[in-house]
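A.B. asks: Submitted below is the structure of interest, expressed as structure tokens.
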């Protein structure tokens with residue numbers, strides 16, 4: 001997991017900030033149904049982020065390819081890590097509500 | 001036992017412009033293969049195809065007669081012309097990801113001690129290139145593809161790098177391309193020039209003139 005975590009770390013500030021905003025919105029709305037909306041917000045922000053990486057930061061993929069990781073593998077593992085964090089943060093938010 | 005990398009049947013075209021049409025290159029561990037050619041002759045494209053980061057219309061890449069269908073299988077490492085280590089990763093971290101002991105770089109380039117602690121965009125372009133070449137040469141891959149490994153490096157360090165490549169060829173097969181062609185010629189066991197989409201073996205330096213690569217020797 002060292003390699004996917006290193007790739008994730010590059011975008012973790014933006015990604016975790018969006019997750020926290022989602023949690024704040026769920027808390028502020030007071031409704032657990034808002035989680036669905038927060039999910040879509042997270043989904044589209046990640047799609048935008050990965051599109052940006054794909055189009056403008058593609059030069060870094062040679063480094064990861066030398067470690068045996070294709071772009072597709074990195075994207076999938078990025079999403080897996082990010083949605084795990086999102087689920088944990090949302091579960092805590094729903095418990096706090 | 002020697003490992004053998006063979007490339008042939010590579011066909012690449014962009015917008016009907018034929019870039020590579022008749023390539024046959026064989027590289028064994030213990031060998032350095034030099035590739036020369038004019039700008040746009042397809043040297044970098046060939047390396048990217050072999051590495052797996054560029055799709056060709058057709059290709060056959062084999063290691064020990066086994067087709068390499070999966071890209072990035074770690075048998076082949078690749079140094080691109082551009083920067084290799086992303087700017088957000090420290091050099092120390094990058095070496096750690098490849099399980100490379102920084103000492104193996106410091107033994108050859110003691111002046112890299114300070115640079116290794118920094119991020120690639122915080123050090124000079126030449127030192128960055130040296131570290132990246134050393135990184136690729138120290139991976140566990142059987143073959144290393146080096147695209148312009150000498151660009152931006154001062155002459156005294158080029159000589160050190162050449163000696164190191166020479167010592168590393170016992171473990172690896174190396175394919176190298178650089179416009180500092182005299183260095184490539186000195187290093188290479190076999191030298192090719194790419195022209196008209198094909199590779200031609202260079203037995204006589206005069207052929208570099210004939211193929212339009214240099215005006216005079």
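A.B. asks: Find, to one decimal place in angstroms, the Kirkwood hydrodynamic radius of the protein assembly as shown, where the mean of 1/r is taken over every pair of different Cα atoms and then inverted.
C.D. replies: Working: mean 1/r = 0.0463 Å⁻¹.
Over the protein assembly as shown, the inverse of the mean reciprocal pair distance is 21.6 Å.
A.B. asks: Based on the mean of other beta carbon atoms within 10 Å per residue, what is the order of B:2-9, B:171-178, most packed first?
C.D. replies: For the peptides B:2-9, B:171-178, the packing ranking is B:171-178, B:2-9.
A.B. asks: Ignoring everything except DSSP H segments at least 4 long, calculate the 222 nm mean residue ellipticity for chain A; use -39,500 (n - 2.57) per segment, divide by total residues, nearest 500. Walk me through the numbers before you get to the answer.
C.D. replies: Numbers: 4 runs with 83 residues, N = 97.
My calculation for chain A gives -29500 deg cm²/dmol from helical runs alone.
A.B. asks: Hey, with R₀ at 35 Å, roughly what FRET efficiency would residue B:107 and residue A:79 work out to, going by the Cβ-Cβ distance, to 0.05? Before the final figure, lay out the partial values.
C.D. replies: Values: r = 41 Å, r/R0 = 1.17.
About 0.30, to the nearest 0.05.
A.B. asks: Let me ask you something else. Between the helical axis of B:125-137 and the dominant principal axis of chain B, each derived from Cα atoms, what acute angle in degrees is found, rounded to the nearest 10?
C.D. replies: 70
A.B. asks: In Å, what Kirkwood hydrodynamic radius results for chain B from the alpha-carbon pair distances? Walk me through the numbers before you get to the answer.
C.D. replies: Details: mean 1/r = 0.0562 Å⁻¹.
Roughly 17.8 Å, rounded to one decimal.
A.B. asks: For labels at residue B:185 and residue A:72 in the simple 7 Å Cα→Cβ model, what's the distance in nm?
C.D. replies: Label at residue B:185, label at residue A:72, 4.5 nm between them.
A.B. asks: In degrees between 0 and 90, to the nearest 10, how far off the longest principal axis of chain B does helix B:155-168 point, with axes built from Cα atoms?
C.D. replies: For helix B:155-168, the angle is close to 80 degrees.
A.B. asks: At what distance in angstrom do the alpha carbon centres of region B:113-135 and region B:139-217 lie from each other?
C.D. replies: Cα centroid of region B:113-135 versus Cα centroid of region B:139-217: 22 Å apart.
A.B. asks: Determine the shape class of region B:59-105: with a ≥ b ≥ c the square roots of the Cα gyration tensor eigenvalues, call it rounded for a/c under 1.5, and otherwise prolate if a/b is greater than b/c, oblate otherwise. Walk me through the numbers before you get to the answer.
C.D. replies: Working: a/c = 3.03, a/b = 2.02, b/c = 1.50.
In terms of gyration-tensor shape, prolate.
A.B. asks: Still on this structure: Going by the alpha-carbon gyration tensor, a ≥ b ≥ c the square roots of its eigenvalues, is region B:97-216 rounded (a/c under 1.5) or, if a/c is not under 1.5, prolate (a/b greater than b/c) versus oblate? All intermediate terms of the calculation are to be shown ahead of the outcome.
C.D. replies: Numbers: a/c = 2.41, a/b = 1.86, b/c = 1.29.
Prolate.
A.B. asks: Where the centroid of each part is defined by its Cα atoms, how far is region A:24-90 from region B:24-47 in Å?
C.D. replies: 39
A.B. asks: Let me ask you something else. Going by a ≥ b ≥ c, the root eigenvalues of the Cα gyration tensor, does region B:37-82 fall in the rounded group (a/c under 1.5), the prolate group (a/b larger than b/c) or the oblate group?
C.D. replies: Cα axes put region B:37-82 in the prolate bin.
A.B. asks: Starting from the alpha-carbon convex hull of region A:2-96, give the projected area averaged over all orientations, in nm². If you can, show how the numbers build up before the last one.
C.D. replies: Details: hull surface 23.8 nm².
Average projection, Cα convex hull of region A:2-96: 6.0 nm².
A.B. asks: Show me B:46-53, B:186-193, B:160-167 ranked by packing, highest mean number of other Cβ atoms within 10 Å first. Intermediate values should be presented prior to the final figure.
C.D. replies: Details: B:46-53: 22.2, B:186-193: 19.2, B:160-167: 16.2.
Highest to lowest by the protection proxy: B:46-53, B:186-193, B:160-167.
A.B. asks: Here is a further query. Computed FRET efficiency, Cβ-Cβ of residue B:151 and residue B:215, R0 22 Å: what is it to the nearest 0.05?
C.D. replies: 0.55
A.B. asks: Would you tell me the mean number of C-beta atoms belonging to other protein chains that fall within 10 Å of each C-beta in A:1-9, as a whole number? Kindly include the intermediate steps, with their values, before the conclusion.
C.D. replies: Numbers: counts 0, 3, 2, 0, 0, 7, 3, 0, 3.
That average works out to 2.
A.B. asks: While we're looking at this one, here's another question. Based on the alpha carbon coordinates of region B:69-162, what radius of gyration and maximum Cα-Cα distance (Dmax) apply, in Å?
C.D. replies: Reported Rg and Dmax, both Å: 12.7, 41.
A.B. asks: With r as the distance between the Cβ atoms of residue B:62 and residue A:39 and R0 = 51 Å, compute the FRET efficiency 1/(1 + (r/R0)^6) and round to 0.05.
C.D. replies: Values: r = 47 Å, r/R0 = 0.92.
Efficiency, rounded to the nearest 0.05: 0.65.
A.B. asks: Could you work out how far helix A:34-56 tilts from the main Cα principal axis of chain A, as a 0 to 90 degree angle to the nearest 10?
C.D. replies: 20
Read the figures in this text as sums done on the coordinates, not as results from a lab. Predicted, not measured: the structure shown is a model, and the values here were computed from it. Neighbour counts run over all protein chains shown; Cβ positions are idealised from the backbone, glycine included.
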